[in-house]
Amino acid sequence: MTRELVTQNKPVFDQLHPTIYKAAIGLIAWFAVAAWVFFDRRGDIGLSLAFVTLLLVVAIALPLMLSLAWRRERMRHDQGERQPRFRDWLRGDFAVWGSKLRSTHAAIDMLLPLAAVAFGLTAIGIVFLADRALAHGGL
């Protein structure tokens, strides 16, 4: 009888769960909306925001279209294989360059930079609006 605290029979996944991709798309959309809401105050910034928004839309659309095409092709060949539930995916491991990483850590590693940028821009925008309101005589 062994006294291992870590179970060795966890499933190992080689792809991120679709929920992780949806969360990433949501954070990128949050970033774009925050940029438009908090920083579109003058007429000369609109064109720059439009280009940033276009870049973000392309950054979302290209991988999304590729994954949909890949999934459709995969469904033709693997009829019986189903996507695991998100809870099961989180409890498993994630294959990374010949090694394993907990799936929760992989999800955090992917989403943390996006969340930092989205929430950071929101915080900067709130400070920007508060400073502007105080400079003009009150909230």
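None of the figures in this text is laboratory data; all of them are computed from the coordinates on show. Note that the coordinates shown come from a computational prediction; the quantities given were computed from them, not determined experimentally. With ideal geometry, Cβ positions are generated from the backbone for all residues, glycine too; neighbour counts draw on all protein chains shown.
General observations
- Between the Cα long axis of helix 18-39 and the first principal axis of the chain there is an angle of about 10°, rounded to the nearest 10.
- Here is how the number arises for the chain: DSSP H runs of 4 or more residues each give -39500 (n - 2.57), the sum is divided by the residue count, and the result at 222 nm is -23500 deg cm²/dmol.
- Top positive-direction residue, dipole computed over segment 12-135 with Cβ charges, set Leu90, Val127, Thr53: Leu90
- Simple point charges give the picture: +1 on the Cβ of Lys and Arg, -1 on the Cβ of Asp and Glu, and for the chain a dipole about the Cα centre of about 380 debye.
- The chain: angle of helix 103-135 to the longest principal axis, Cα-based, in degrees nearest 10: 10
- The C-alpha atoms of the chain define a longest principal axis, and helix 46-77 lies at about 20 degrees to it.
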